[in-house]
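The values are calculated or read from the model by the stated rules, or taken from the named source; none is laboratory data. All values derive from a computational prediction rather than experimental measurement. Cβ coordinates were reconstructed from backbone atoms using ideal geometry, including for glycine residues, and neighbour counts include every protein chain displayed. For accessibility, only protein heavy atoms count, side chains too; no ligands or nucleic acids. Shrake-Rupley method; radii C 1.70, N 1.55, O 1.52, S 1.80 Å.
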Amino acid sequence: VGNYKRTVKRIDDGHRLCNDLMNCIHERARIEKGYAQQLTEWAKRWKQLVEKGPQYGTVERAWCAFMSEAEKVSELHLEVKGSLMNEDFEKIKNWQKEAFHKQMMGGFKETKEAEDGFRKAQKPWAKKLKEVEAAKKAYHAACKEEKLAISRETNSKADPALNPEQLKKLQDKVERSKQDVLKTKEKYEKSLKELDNATPQYMENMEQVFEQCQQFEEKRLRFFREVLLEVQKHLDLSNVASYKNIYRELEQNIKTADAVEDLGWFRANQGPGMSMNWPQFEEWSADLNRTLSRREKKKASDGVTLTGINQTGDQVSQPNKHSSSVSVQSNTVQSVQSSYNPFEDEEDTGSTVSEKEDNKIKNVSSYEKNQSYPTDWSDEESNNPFSSTDANGDTNPFDEDTPPTMEVRVRALYDYEGQEQDELSFKAGDELTKMENEDEQGWCKGRLDNGQVGLYPANYVEPIQ
């Protein structure tokens, strides 16, 4: 009696399992979304690094194909996330709402119906079972009393002190107890027989209610199987044609990398095959081919002009390499780049020193493609950055006369790429030595850690505390 409660509880468990399955799918959708975002961020960061780095030609395109693959796979995982939430999650939610109906007083209608059905089917049989238990208890008590009476009678026969009247009473008690045993036994057997006769009907009624619960549970189990199969289809990208095409295209792009083609391109554009500008006799002209000095450029500018500022992110501008003269507009103002590094992972705030050094190396290599190399060729030139005298700072390759000052260590606030041969190039975070104070045009003289000496904008650095 009462064991049907396990079957009734299964209905409530079915509702809770629907919630568990929805939570499971929701967490997987969050993982898919996070992975897609990480792929996109990784592709964007490394695409910029490769495009700005020293790699060129078909190998560069093959390298960038990995970033294109990541972007396409990211889109597919976002579609997976959308399918999980918009289809599977909502499907379970709607089915749960249709299958389970809440009552005003709490609980579910289906649970109460099963509870009432089992109780109604079991009530007659439980009543008869109670009668059987009472009859059995009475029978066993009568048997106990009979045994006690017989024992007393036996003991009294051996006792000469008892008179015949007392002995007669004990004998009568034994007789009555035997009659009680027969009556209670008959009643016990009768109630047990009635219980046995009622058992088939009882089992039929209970099984009828049980089958109703089984059918309800069968619907839930079949629905769960159906949903899990749909989730599997949404997660299985191996059967998606576009997913296979991504890697087929990636393989083709990598195979198109041709070392001979890249070497030929480099020879034609950066080697002996490039267009030459051999010196030719030129007549002197006061108006043509006039190169402005840095002081003249500053005086000709009505506003503030900041040159050589590298923008990051999607707004990377390619500087004009090897330009000997710069035409400055009076109203041109370039935005100053912040010290934020777009290639640094936002989540890696707790990176170790070695990781930071690796990032530093990556950023250094990313600027080699746009590096402006000096055209000095004579060892007699005083502004040769590779000469030992310049490296030690013993000679002054600059025309401007600036008052000497004590050397001070400073740190770069922004990236700066030198626009002329006597200007330094550095990145945000680099440290260098200030050798002379700021002049009236806002320029300082400094020395990099590699020994190169040159000018840089004073407002691009800050003293190291």
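Measuring nothing but protein heavy atoms, the accessible surface of the stretch 409-463 at 1.4 Å probe radius is 38 percent carbon and sulfur. Compute log10 of I(q)/I(0) for the stretch 409-463 with the Debye formula, placing one identical point scatterer on every Cα and leaving out solvent, at q = 0.12, 0.25, 0.31 Å⁻¹, to two decimals. These q points yield log10 I(q)/I(0) values of -0.20, -0.96, -1.54. Its Cα centre serving as origin, the stretch 409-463 has a Cβ charge dipole (Lys and Arg +1, Asp and Glu -1) of approximately 260 debye.
With the full set of protein chains in place, find how many percent of the accessible area of the stretch 109-209 is carbon and sulfur; take the probe as 1.4 Å. Carbon and sulfur: 54 percent of the exposed surface of the stretch 109-209.
Taking 25 °C and 0.890 mPa s as conditions, the stretch 136-268 diffuses translationally at an estimated 100 µm²/s according to Stokes-Einstein applied to its Kirkwood radius (Cα pairs).
When the dipole is taken about the Cα centre of the stretch 109-209, and only Lys, Arg (+1) and Asp, Glu (-1) are charged at their Cβ, what size is it in debye, to the nearest 20?
Result for the stretch 109-209 is approximately 320 debye, rounded to the nearest 20.
Accessible area per residue for the stretch 109-209 is 74 Å², calculated with a 1.4 Å probe on protein heavy atoms, without ligands, DNA or RNA.
Taken along its principal axes, the alpha carbon cloud of the stretch 109-209 reaches lengths of 76, 23, 15 Å, longest axis first. The separation of the stretch 211-252 from the stretch 1-75, counted between C-alpha centres, amounts to 16 Å.
With contacts taken as Cα pairs under 8 Å and at least 6 residues apart, the stretch 109-209 reaches a relative contact order of 50 percent. Could you name the lysines in cross-link range of Lys233, using Cα to Cα under 23 Å and dropping any fewer than eight places away on the same chain? Those lysines meeting the cut-off are Lys33, Lys72, Lys81, Lys91, Lys93, Lys219, Lys244.
Neighbours of Arg225, meaning other residues whose beta-carbon lies under 15 angstrom from its beta-carbon, give a summed charge of 0 when Lys and Arg score +1 and Asp and Glu score -1.
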